[in-house]
Amino acid sequence: MRVLLVEDETALQEALRDILNANRYTVDCCETGTDALDLMCSGSYDLVLLDRMLPGLDGLSVLRQARDAGVHTPVLMLTALDAVGDRVAGLDAGADDYLPKPFATEELLARIRALCRRPAELEPNESLCRGDLTLQPKLRLLTGPAGTHSLSGRECAMLELLMRNAGSVVSRERILLHVWGPDSEVESGNIDNYIHLVRRRLKLVGSHTVLQTRRGAGYCLEVPVC
Ligand code: CA
């Protein structure tokens with residue numbers, strides 16, 4: 001179970017991360033709405049704990065934009081605002097559940113378990129199609145004219161980001177954030193290695209899509225018109 005924890009209060013973020021780790025959840029953390037939206041769109045998470053009051057883009061806007069972008073991951077919204085109107089606004093924006101702060105650890109864990117029990121058949125098996133490529137992020141499968149290959153988690157995350165932004169330049173910083181997360185200390189050469197791996201995958205599935213290097217700017221997936 002991979003959980004994205006979006007919380008800008010450092011002490012609370014650390015406390016929640018420790019609780020989740022102790023209960024065998026894998027946790028990635030971020031502090032801002034912009035990072036949250038980017039990570040949610042990666043499709044890499046089974047659950048999102050989303051604080052409502054965030055610097056910059058607030059939790060409600062993050063949620064609306066993520067749902068508009070087709071993100072179906074269950075979201076539990078955490079907030080100090082507990083008026084009925086605030087709860088309704090959270091649920092209307094696409095939250096699956098809403099937990100006012102302060103909350104008891106046991107209640108948080110129970111609500112997480114409840115959200116994770118959603119029947120698998122309700123989970124849309126999302127496919128992302130660009131040109132001659134089809135990516136199934138949940139299954140980590142890439143299909144092209146020559147067949148289907150399975151991808152590693154990072155290859156899949158990188159390719160999904162590039163496919164969602166096909167035709168546009170994606171910066172190395174954005175790839176770092178999306179694939180390795182905000183707290184990673186990954187070396188620049190790792191991106192080059194993964195770009196190389198992704199190019200090999202494109203070739204393996206017989207795709208005519210080209211992953212271009214734009215020196216000093218980033219990378220661009222160029223999809224030929226079929
Ligand atoms: Ca906050």
Is there a residue being in contact with a Gly (Cβ under 9 Å, 6 or more places away or on another chain), at pLDDT below 90 and open to solvent by 30 Å² or more (accessible area, probe 1.4 Å) anywhere in the range 122-133?
yes
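Take the conditions open to solvent by 70 Å² or more (accessible area, probe 1.4 Å), part of a loop (DSSP other than H, G, I, E, B) and of a type in the set (A, V, I, L, M) and apply them to VAL186. Does it pass?
Details: open to solvent by 70 Å² or more (accessible area, probe 1.4 Å): no; part of a loop (DSSP other than H, G, I, E, B): yes; of a type in the set (A, V, I, L, M): yes.
In short, no.
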From the residues in the range 80-94 that are within 14 Å of the ligand (Cβ to nearest atom) and hydrophobic (A, V, I, L, M, F, W, C), which one is most open to solvent (accessible area, probe 1.4 Å)?
ALA80
Residue, surrounded by the most Cβ atoms within 10 Å (Cβ to Cβ), within the range 195-221, restricted to residues that are under 13 Å from SER171 (Cα atoms) and without any contact (Cβ under 8 Å) to a residue 24 or more places away in the chain:
THR213
Restricting to the range 10-57, and then to whatever is under 18 Å from TYR98 (Cα atoms) and within 11 Å of the ligand (Cβ to nearest atom), can you tell me which residue is most open to solvent (accessible area, probe 1.4 Å)?
MET53
Where the second residue is open to solvent by less than 40 Å² (accessible area, probe 1.4 Å) and of a type in the set (S, T, N, Q) and the first is modelled with pLDDT under 95 and lies in the range 25-51, which pairs have Cβ atoms under 6 Å and are six or more apart or on separate chains?
TYR45/THR73
The lone exception for VAL6 - which of (1) in contact with a His (Cβ under 8 Å, 6 or more places away or on another chain); (2) crowded, with 20+ Cβ neighbours inside 10 Å it fails:
(1)
Filtering the range 74-90 down to residues that are over 17 Å from LEU12 (Cα atoms) and over 20 Å from the mean Cα position of the chain (by Cα), which residue is modelled with the lowest pLDDT?
ASP82
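I'm trying to understand the selection: among the residues of the range 58-70, which are of a type in the set (Gly, Ala, Ser) and away from the ligand (no atom under 12 Å from the Cβ)? Before the answer, list the steps.
We begin by selecting, within the range 58-70, every residue of a type in the set (Gly, Ala, Ser); these are 59, 61, 66, 69-70.
Matches in the range 58-70: SER61, ALA66, ALA69, GLY70.
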Go through the range 9-45 residue by residue and tally those that are in contact with a Cys (Cβ under 6 Å, 6 or more places away or on another chain) and polar (S, T, N, Q).
1
Kindly indicate the residue of the range 151-167 that is open to solvent by 50 Å² or more (accessible area, probe 1.4 Å) and under 19 Å from the mean Cα position of the chain (by Cα) and also farthest from HIS72 (Cα to Cα) among those meeting that condition.
ARG154
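The values are calculated or read from the model by the stated rules, or taken from the named source; none is laboratory data. These numbers come from a predicted model, not from an experiment. Note: ideal-geometry Cβ built from the backbone for every residue, glycine included; neighbour counts use all protein chains shown. For accessibility, only protein heavy atoms count, side chains too; no ligands or nucleic acids. Shrake-Rupley method; radii C 1.70, N 1.55, O 1.52, S 1.80 Å.
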